[in-house]
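Each remark here refers to the structure printed beneath this line.
The values are calculated or read from the model by the stated rules, or taken from the named source; none is laboratory data. Just so it is clear, the model here is predicted, and its values are computed rather than measured. Here the Cβ is made from the backbone with ideal geometry for all residues, glycine too, and neighbour counts use every protein chain on show. Only protein heavy atoms, including side chains, enter the accessible area calculation; ligands, DNA and RNA are left aside. Shrake-Rupley method; radii C 1.70, N 1.55, O 1.52, S 1.80 Å.
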Amino acid sequence: MSQKHPRISKAVIPAAGLGTRFLPATKATPKEMLPVVDKPAIQYVVEEAVAAGLDDVLMVTGRNKRPLEDHFDRNYELESALANKGDAERLAKVQESSDLATMHYVRQGDPKGLGHAVLCAAPHVGDEPFAVLLGDDLIDPRDPLLQRMIEVQEVYGGSVVALMEVEPEQIHLYGCAAVKPTADSDVVQVTGLIEKPDPAEAPSSYAIIGRYVLDPHIFDILRRTEPGRGNEIQLTDALQQLTQNHSATADAAGGPVHGVVFKGRRYDTGDRGDYLRAIVRLACEREDLGPDFRNWLKRYVAEEM
Ligand code: G1P
């Protein structure tokens, strides 16, 4: 691999949000720890990073997020209690999360937005491309999106976002990309970005979903990015600046922005309705729980709906 495209090894997971949509569950428990079936949502995200070859994971946390650190650490008391009982199956489940990756933590003192959270990762990431995974989006491991984004970054350089087509009335919930095609059918060049546009202003129906592979030049831009939508420093605005720099000078520092168009299975755990749907879908597909649960669900829908 050329020096221009060093192998990506670091993942950044912003996890400082207050989770107010899930109160009171999130009063004393981070929203990232809410179970999706029987695993905390955040563990799916770390597993996805590891499956894409990123075993150095930095979580950007805040106050009240200690349970995240504990979850990815050893728990000797619990481990020895399970070992003494001879419960190897549960012992393996406890050890799984602490053996996954090399975990690092940094605190985002002030919650000044996603762009600011990513900027908190600058000292850890240094001068190499890196991935960002947002915890509200779960991507089915059978549809490996992040691997594809890393491949695309290695070919095209610059930064890569994950895009998904959504209904026009949904676009105001996402960052939206103006795009043009490339020679690869699942890859587009991003020519502009706008954070949570009104449907009338949206340049397309391509929404950014929570996966990014970023050129480290993004940090310089984020340092100069003024608060935008919601008075927060927006990652989308910094990426928009990269697209503008690139269109002004093709070899501008930071390179182009491309999008991988994702058509696979994505589960949203960001609000209560989506969270419930994610749990039902994932539970139905589980080999151990699925058959019983699906039978019950069919009966429930037939009798109660
Ligand atoms: C963030 C980003 C937005 C992106 C979304 C994906 O918004 O700012 O551009 O489309 O994640 O989930 P949030 O959902 O955190 O408000």
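In the neighborhood of Thr29, defined by Cβ-to-Cβ distances under 12 Å, what is the net charge if each Lys or Arg adds +1 and each Asp or Glu adds -1? Residues near Thr29 contribute +2 overall.
For the chain, give the percent of accessible area contributed by carbon and sulfur heavy atoms, probe 1.4 Å, rounded to a whole number. Before the final figure, lay out each step's value.
Numbers: 7710 of 15510 Å².
Carbon and sulfur together cover 50 percent of it.
Would you work out if the stretch 182-266 is rounded, prolate or oblate? Take a ≥ b ≥ c from the square roots of the eigenvalues of the alpha-carbon gyration tensor; rounded if a/c is under 1.5, else prolate when a/b is larger than b/c, oblate otherwise. If you can, show how the numbers build up before the last one.
Details: a/c = 1.60, a/b = 1.11, b/c = 1.44.
Since a/c reaches 1.5 but b/c is at least a/b, the shape of the stretch 182-266 is classed as oblate.
Modelled spin labels at Ala81 and Gln244, positioned 7 Å past Cα toward Cβ, are 5.6 nm from each other. Computed about its Cα centre, the charge dipole of the stretch 1-119 is approximately 600 debye, with only Lys, Arg, Asp and Glu carrying charge at their Cβ. Given axes a ≥ b ≥ c from the Cα gyration tensor, I'd like to know whether the stretch 1-157 is rounded (a/c under 1.5), prolate (a/b larger than b/c) or oblate. Because a/c hits 1.5 or more and a/b fails to exceed b/c, the stretch 1-157 counts as oblate.
In a reduced charge model with +1 at each Lys and Arg Cβ and -1 at each Asp and Glu Cβ, the chain shows a dipole moment near 420 debye about its Cα centre.
Using 0.36 nm per residue of separation minus the Cα-Cα distance, give me the extension gain between Arg66 and Ala183 in nm, one decimal.
Values: separation 117, 0.36 × 117 = 42.12 nm, distance 4.58 nm.
The span from Arg66 to Ala183 would gain 37.5 nm if fully extended.
Rolling a 1.4 angstrom probe over the protein heavy atoms, how many square angstrom per residue are accessible across the stretch 186-226? If you can, show how the numbers build up before the last one.
Values: 1590 Å² over 41 residues.
Here the residues of the stretch 186-226 average 39 Å² of exposed surface.
Of all DSSP beta bridges confined to the stretch 154-280, the antiparallel ones make up roughly 75%. Spacing of the modelled spin labels on Glu304 and Glu96, each 7 Å from Cα toward Cβ, amounts to 2.7 nm. For the set Lys10/Lys196; Lys39/Lys112; Lys31/Lys85; Lys263/Lys298; Lys31/Lys65, the pairs lying more than 20 angstrom apart at their alpha carbons are Lys10/Lys196; Lys39/Lys112; Lys31/Lys85; Lys263/Lys298. Taking a point 7 Å out from the Cα of Arg223 in the direction of its Cβ, the residues of the stretch 239-253 whose backbone N falls within less than 18 Å of it are 239, 241-242, 253. Can you give the angle from 0 to 90° between the axis of helix 88-99 and the longest principal axis of the chain, with both taken from C-alpha atoms, to the nearest 10? Around 20 degrees separate the two axes. Between the stretch 257-285 and the stretch 131-155, the C-alpha centres lie 13 angstrom from each other.
Does the chain classify as rounded, prolate or oblate by the C-alpha gyration tensor (a ≥ b ≥ c root eigenvalues; a/c under 1.5 gives rounded; else a/b over b/c gives prolate, otherwise oblate)?
prolate
Considering only Ala16, Ala101, Ala88, the mean-square fluctuation computed in a Gaussian network model of the chain, springs between alpha carbons under 10 angstrom, is largest for Ala88. Karplus-derived 3J(HN,Hα) values for the stretch 109-125, using 6.51 cos²θ - 1.76 cosθ + 1.60 with θ = phi - 60°, are x, 9, x, 9, x, 4, x, 5, 4, 5, 4, 4, 7, 3, x, 6, 6 Hz; glycine and proline are entered as x. In the chain, the calculated helix contribution to ellipticity at 222 nm averages -10500 deg cm²/dmol per residue, counting -39,500 (n - 2.57) for every DSSP H run with n ≥ 4.
Whole-Hz Karplus values for the stretch 159-170 come out as 10, 9, 10, 9, 10, 9, 6, 10, 5, x, 6, 9 Hz, taken residue by residue from phi with 6.51 cos²θ - 1.76 cosθ + 1.60 and θ = phi - 60°; glycine and proline positions read x.
Restricting attention to the chain, close to 60% of DSSP beta bridges with both partner residues there are antiparallel. For the stretch 172-247 versus the stretch 20-80, the spacing of their alpha-carbon centroids is 27 Å.
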